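These notes are about the structure you will find just below.
The values are calculated or read from the model by the stated rules, or taken from the named source; none is laboratory data. Please read these numbers as outputs of a predicted model, since none were measured by experiment. All Cβ positions, glycine included, derive from the backbone under ideal geometry; neighbour counts span all protein chains shown.
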C-alpha cells in the first residue's frame, strides 16, 4: 500500500519513509506542493501525509487542490502550525486528521492505520459492482443473491469493496481484516480468499501474481440505505 509524504524537510521525510517502510508501506516523497498535487491524484496512493509549510504552495492549498481534482484519498496533516484556526480550516477543506509537530512516530502510525481501515465507522451500504455490504447488519448480496458470510469473511470482503480495483497485498489484507502485522508463515489470506471465491463466484477476486489480490470492479461511497 502506497503512502505519499508531502514534506520539504528531507530529514523529516527520510525519518517517515524509514519508519513507514519498516511497517510494510511503500512511501513516495514529494518535496513541493506542486509535486504533491501531481502525485496525490494517482489511484495507487492510499493516504497522503501533508505538511502545511511548503516552499511553493501552502499545504492547505494542496489539500484544496486535491479535493477540487476529485481525489478523495485520506489526508493526514502534519505541521508545526498547531493553532486551532489552522486545524479547523484544514478539516473544513477535507483533511481527515491533524497531527502537530513534534510528534511521536507510534502515534502517527496508529493514525495512519486508523485512516486505512476499510469503510466508515457508522452504518450504511458499501457497493462495488453488483456486491452490496450492509455495514450495520453485516448482510451481503451479490447480483441480487443473498450470501451468508462468517465475520472474518465479511471483514475481508469489506476490505476489497472499500478499495475496488486496487491491488491489496497479503500484508494489507491481514492489517485490514485481522488487524495483524504481516507474518510470512501464515496463509490466512489465501485460505479466506478461497472461501470468498467459493461463495461469491470464482472470478470476483483476481490474483495479481507476485503482488496480492484485487476486486476488479468499480465501487461507490457508502449510501445510507440498502439497495
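Quick notes
- From the list 26, 42, the lone residue that is surrounded by fewer than 21 Cβ atoms within 10 Å (Cβ to Cβ), at pLDDT below 95, within 19 Å of the chain's Cα centre (by Cα) and closer than 20 Å to residue 70 by Cα is 42.
- Any hit, segment 131-151, residues being at pLDDT below 85, in a helix (DSSP H, G or I), in contact with a strand residue (DSSP E or B) (Cβ under 7 Å, 6 or more places away or on another chain) and surrounded by 13 or more Cβ atoms within 10 Å (Cβ to Cβ): no
- Among the residues of this structure, residue 106 does not count as one that is over 24 Å from residue 21 (Cβ atoms), at pLDDT 80 or above and surrounded by fewer than 16 Cβ atoms within 10 Å (Cβ to Cβ).
- Test: residue in segment 114-123 that is surrounded by 13 or more Cβ atoms within 10 Å (Cβ to Cβ) and at pLDDT 85 or above: no
- One residue stands out among those in segment 164-179 that are in a loop (DSSP other than H, G, I, E, B) and in contact with a strand residue (DSSP E or B) (Cβ under 8 Å, 6 or more places away or on another chain): the one that is surrounded by the most Cβ atoms within 10 Å (Cβ to Cβ), which is 166.
- Listed here are the strands (runs of 3 or more DSSP E) enclosed by segment 3-96 that have at least 3 residues being in contact (Cβ under 8 Å) with a residue 40 or more places away in the chain: 45-50.
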